[in-house]
1. Among B:Asp138, B:Asp103, which is of a type in the set (Asp, Glu) and either assigned by TED's automatic domain parsing to the domain that holds B:Ser40 or within 26 Å of A:Met117 (Cα to Cα) (or both)?
2. Does the range A:26-42 hold any residues that are more than 9 Å from chain B (Cβ to nearest Cβ) and closer than 16 Å to A:Leu121 by Cα, and which are they?
3. Which of the following residues is buried (at least 19 other Cβ atoms within 10 Å of the Cβ), at pLDDT below 75 and part of a loop (DSSP other than H, G, I, E, B): A:Val16, A:Val11, A:Val69?
4. Which of the residues belonging to the range A:195-247 are within 16 Å of A:Gly94 (Cα to Cα), crowded, with 19+ Cβ neighbours inside 10 Å and without any contact (Cβ under 8 Å) to a residue 24 or more places away in the chain?
5. State whether the residues of the range B:134-156 include one that is within 13 Å of B:Ile95 (Cα to Cα), surrounded by 22 or more Cβ atoms within 10 Å (Cβ to Cβ) and not aromatic (Phe, Trp, Tyr).
6. Working only within the range B:189-248, note down all residues that are closer than 16 Å to B:Phe46 by Cα, of a type in the set (Val, Ile, Thr) and in a strand (DSSP E or B).
7. Can you give me the ranges of the helices (runs of 4 or more DSSP H) entirely in the range A:149-246 with at least 3 residues that are within 24 Å of A:Leu136 (Cβ to Cβ)?
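The values are calculated or read from the model by the stated rules, or taken from the named source; none is laboratory data. Treat the numbers as computed from the prediction; the structure is a model and nothing was measured. Cβ coordinates were reconstructed from backbone atoms using ideal geometry, including for glycine residues, and neighbour counts include every protein chain displayed.
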Amino acid sequence: MSTSAMPQKLVSTAPVRSSAFGLRHYLICLKGIVLRECLRFLHQRERFISSLVRPLVWLFIFAAGFRQVLGVSIIPPYRTYVLYEVYITPGLCGMILLFSGMQSSLSMVYDREMGNMRTLLVSPFPRWFLLVSKMLAGVAVSIAQVYAFLIVAWFWGVKAPPLGYLFVLPALFLSGMMLCALGMLLSSMIKQLENFAGIMNFVIFPGYFASPALYPLWRIQEASPLLYKICIVNPFTYAVELIRFAFYGQVDWLSLGVVTGCTLLFLAGAFIAYDPSRGLMTRKQETGGNA
Amino acid sequence: MIGVQHVRTGGSGNETAALDVVGVSHSYGPKRALNNVSFSIAPATFTVLLGLNGAGKTTLFSLISHLYDTRHGSIRIFGHDIRRASGEALRCVGIVFQARTLDLDLSVHQNLSYHASLHGIGGRDARQRIAALLETVDMQGREHDKARSLSGGQMRRIEIARALLHRPSLLLLDEATVGLDIQSRAGILATIRRLVETEGIGVLWATHLIDEVDDGDHAVVLRQGNLVASGTVSDLIQASGADSIRDAFSKLNRAETAGIAEISP
């Protein structure tokens, strides 16, 4: 068998290659993963519409009703009384990130069940890099959804300071990373797609309602000290506050610290979970689950 | 039990093995899926991994592709240990999984571009490789078709093109023709055999379909997680005292003990 006559090889003639990937290769990989996630999102129009409709229903219907019965006192970062719609807008941004982060974990469970996840995991790039890229892709899609919502809200008359739309971007990014990392960690624990309903009931709804997304914490404390304590230990609380302050060009340092810490914690958990030699996926392979 | 001492399939024995599996075992809880499996395959050879359903073929593929961790034994791909140098090892290998892994919502080109990026290949280089490989698998002109619109055989061809995009030297195919009609099966098999001959690529072809095996092939036979034979098909037939590979395969699967029929190349 001779291969020297081939004008252009489809396969490598030098099988043992040891040169490491450079920064350019990493960027190509990252771009490919982000692009794929965006394309999948664009191809699933229902997903885009439902992601937009959910917060808008809260803004148009829920907030319109509650503004009459629920007063919001002057609390930082607000310097004056604000409409209830204005108060819940950061929470609704957080809601989009929360649902989107969990949806990206749903997509990982789907990918794993359908086998698509395997094509990602057999890439020669380090697994931590692949997982971070996947999260960045999820966050990019989440942020696009948030801005689409903010545009509609702006036309509805719910407006933040103009520069707030820029200042909020890092807060959205960090909060999105935390929630995507949490979603990825949870996806490693879910064996089948059907089990995802449990995530809705045990993570999304409690996470959202036990936070200052809809009511200020002082009101929650007045109503139920126990619920207040739950809110205080809920990372989503800090994501919402980080976003709320960022809209007004301020940094809530406690929220920043908690969200950063939780992001790192969940990321580390996801890396371990998807590490074939250590993680939860190993337990799955031992019980015959999908990789 | 048929006993011959060598477990290398193909090659001169001096060059680095395309794949070196040494003493690999794997369990799912109390159930042993692979038991001390050892074999190696030489570059540029077509090796058939034969075994009935449940023999351990897919588990072995999952270990070779580092989806599962190799806890007992070692696996080397062109000298790179899959545990210690998984990146280097995976750069040398292209994989076609048993389950369909194309993204149905994306086009053929988008699927292939995505895979190219997972190997750090982008831009014009990726486009050129995609065009060349679609021609190789007789799918030219279909790059803008949605994966969803392709037949099972066409999807397999795209998956083979995808597995070749990063120019691997070893191609692993796990039951690549399952569920396809006879014509599609023959076409895909012919494409892979042509790649071995013209491109010098090594292939590990897992199947339980005995009619996909040629006398000149190398074979590794698994039964209930045990390696029961490895060597050239013609030697395997001879050593097992059979008339054909079908007969030899039947004998090996009927054997009471899981001894190794190791046949020198």
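1. The conditions single out B:Asp103.
2. Within the range A:26-42, A:Val34, A:Glu37 meet the criteria.
3. A:Val11
4. Residue satisfying the conditions is A:Cys231 alone.
5. Yes, that holds for at least one residue.
6. B:Val203, B:Thr207, B:Val220, B:Val221, B:Thr232 - these are the residues of the range B:189-248 that are closer than 16 Å to B:Phe46 by Cα, of a type in the set (Val, Ile, Thr) and in a strand (DSSP E or B).
7. On the way: elements: A:164-189, A:196-199, A:205-209, A:217-223, A:225-233.
Hits in the range A:149-246: A:164-189.
Residue-wise test of (1) over 19 Å from B:Gly94 (Cβ atoms); (2) more than 14 Å from chain A (Cβ to nearest Cβ); (3) β-branched (Val, Ile, Thr).
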| site | (1), (2), (3) |
| --- | --- |
| B:Ile160 | no, no, yes |
| B:Arg167 | no, no, no |
| B:Ala176 | no, no, no |
| B:Ser184 | yes, yes, no |
| B:Leu195 | no, no, no |
| B:Ile210 | yes, yes, yes |
| B:Asp214 | yes, yes, no |
| B:Val220 | no, yes, yes |
| B:Gln224 | yes, yes, no |
